[in-house]
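Below is one structure, written out as structure tokens, with a few remarks after it.
The values are calculated or read from the model by the stated rules, or taken from the named source; none is laboratory data. Computed from a prediction, not measured in an experiment: that's the story for all the values here. As a convention, Cβ positions derive from the backbone with ideal geometry for all residues, glycine included, and neighbour counts pool all protein chains shown. Ligands, DNA and RNA are excluded from the accessible area calculation, which covers all protein heavy atoms including side chains. Shrake-Rupley method; radii C 1.70, N 1.55, O 1.52, S 1.80 Å.
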Amino acid sequence: MVAGCCPQKMRNMSELPENCQNESAESKRPQFGKRILSEDADVFQHNAWDNVVWDEEQQKLASLKVSENSTVTKSGDELLKFETEADKFWNKFYGIHQNRFFKDRHWLFTEFPELAPNIVKNDIHQPLRVLGSESQEANDVESVASCHEKLVPDMKIFEIGCGVGNTIFPILLYNINPSLMIYGCDFSSTAIEILKENPQYDESRCNAFVLDVTLEDWITPFEPESLDIVVLIFVLSAIHPEKMKHVVQQIHRYLKPGGLILFRDYGRYDLAQLRFKRGSCLAENFYVRGDGTRVYFFTEDDVRNLFTESGFKEEQNLVDRRLQVNRGKQLRMYRVWIQGKYRKLS
Ligand SMILES: C[S@@+](CC[C@H](N)C(=O)[O-])C[C@H]1O[C@@H](n2cnc3c(N)ncnc32)[C@H](O)[C@@H]1O
């Protein structure tokens with residue numbers, strides 16, 4: 001058994017904070033396309049359905065609902081405050097919630113196997129296994145020990161907006177590359193402090209630091225063109241749409257030629273967008289929550305344009321539509337997430 005490779009630990013660490021519940025709900029989903037609703041009469045027989053197709057009527061209703069709340073009613077001063085003090089709102093959030101409101105994130109290695117290429121996933125309902133972690137496998141597959149003996153290429157992963165480490169710690173557990181270095185930044189100094197206090201924070205394989213990625217210049221512990229993978233999980237949505245392009249251009253600068261962006265975030269007309277009340281709109285499809293943190297809802301085209309216009313090649317761009325059901329209250333909740341993989345040209 002690989003040290004620390006315990007499914008229970010994985011469960012505790014891969015949860016999400018409370019105001020990320022919108023994405024945490026999806027994190028229980030084992031993988032795309034597992035449960036398809038073919039007869040509407042069956043809808044309340046399960047808690048969730050995958051790959052739900054929206055008809056024209058539903059699209060129209062959602063668009064109408066969004067347009068009802070698309071007028072910006074906040075003053076210029078208020079808009080400026082949400083922008084210039086964005087880190088303070090997140091500090092407050094992490095100060096209150098610490099790392100107590102986490103949820104499972106089983107989908108991470110299913111959707112992004114690049115983060116730990118050595119995991120075996122024969123059955124997603126079984127706990128994740130690492131190659132070489134079980135004796136029967138030792139003869140057939142590369143063991144951790146032999147992996148250490150071999151010359152494994154260095155791997156540098158950088159997570160932007162890493163929060164308290166919901167993604168970093170699972171990667172540290174499951175990526176057995178002895179030359180792995182995972183960097184994480186967040187502009188919330190409170191989040192980074194909490195992350196660093198975690199006993200799993202291993203300075204020999206991990207470096208978390210405070211950085212506001214909307215700044216013109218980045219001060220980083222790595223060189224330009226040195227990263228293999230940049231992870232963007234529910235972070236670009238927290239950044240003002242006018243500043244996203246700069247962030248993507250900076251990522252381009254720091255990725256190696258051939259390096260990869262892994263992106264997952266909120267999709268247009270997600271339930272969370274439809275639930276915003278009048279007065280919370282800050283810009284088109286960009287809103288402020290009650291706690292001062294902000295969120296944007298992407299279309300596939302938004303994501304495609306953002307990355308391809310900065311010199312990335314699209315490898316994946318998909319909408320994950322899921323219907324969650326409250327069987328007791330007979331409620332239907334339509335969730336929408338966008339996932340993409342973009343590669344810097346060699
Ligand atoms: C919705 S949370 C997601 C956290 C983490 N990626 C996850 O999925 O659990 C968004 C995170 O992005 C961080 N963030 C927002 N704007 C940022 C910026 N300009 N620079 C760095 N981090 C930022 C916030 O502090 C917060 O931790």
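Numerical summary
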item: Karplus (6.51, -1.76, 1.60) ³J(HN,Hα), θ = phi - 60°, over segment 301-310, in Hz, Gly and Pro reported as x; result: 5, 3, 5, 4, 5, 3, 8, 5, 6, 9
item: Convex hull volume per residue in cubic angstrom - Cα atoms of segment 269-340; result: 108 Å³
item: Accessible area of Val43 in the full protein assembly, 1.4 Å probe (Å², nearest 10); result: 0 Å²
item: Candidates per GluC sites (Glu not before Pro) in segment 192-239, loop by DSSP, up to 14 other Cβ within 10 Å; result: Glu203, Glu216, Glu225
item: Cα pair distances in segment 224-346, grouped into 10 Å bins until the bin that holds the longest one, percent each; result: 13, 40, 30, 13, 4, 0
item: Between segment 49-74 and segment 265-338, the Cα center-to-center distance that results, in Å; result: 11 Å
item: Sites matching trypsin sites (Lys or Arg not before Pro) across segment 270-330 that sit in DSSP coil, with at most 12 neighbouring C-beta atoms within 10 Å; result: Lys277, Arg278, Arg327, Lys329
item: Listed residues Leu331, Leu274 arranged by accessible area, highest first, probe 1.4 Å; result: Leu331, Leu274
item: Contact order normalised by residue count of segment 273-320, Cα under 8 Å, 6+ apart, percent; result: 21 percent
